[in-house]
Amino acid sequence: TATIAECDADGDCLPPSATVWVEGALDPTMLSNVKVGQRVLCFDRLSRGTKYAEVTDVRTFDAQHSDWVRVVLEDDTELMMTADHPLFPEVAGAGAKEADSGLVKAGDLVVGKHSLEVLKMVPVPVK
């Protein structure tokens, strides 16, 4: 899988303004401020849970000529990334074993077919 730092001149990037949760930080951190050795919160698709993963490399490229896509989710969450950015979406209507469709490039996501895991904290009333 791609790490947050994996980006090449041809794409597979996230914008520097994208935010991640860095271990020990009180607020989300912009990717442009992430350093080697820090640990960022990731979704581990094998365990189906979150974990912190160490950043081993950080690179910045001029991606102005890359093909950027804006992925909009049903709750109006918007994610900017290059069309080549690898994702591991779930497939709507698939059983538990078939839900993971494998690697799909961001530009190949299909509305109504793919779903992305998101970390969202929302208030839930007490019963």
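What does the net charge come to around TYR52 if you take all other residues with beta carbon closer than 11 Å to its beta carbon, with K and R at +1 and D and E at -1?
Result for the local shell: -1.
Using the beta-carbon distance between VAL91 and MET121 and R0 = 30 Å, what value does 1/(1 + (r/R0)^6) give for FRET efficiency, to the nearest 0.05?
FRET efficiency, VAL91 to MET121: 0.70.
Along each principal axis of its Cα atoms, how long is region 29-88 end to end? Whole angstroms, biggest number first, please.
30, 29, 19
Taken together, the values in this text are just the output of simple stated rules run on the coordinates, not laboratory data. This is a predicted model, so every value here is computed, not measured. Note that each Cβ is placed from the backbone with ideal geometry, even for glycine, and that neighbours are counted across all protein chains shown.
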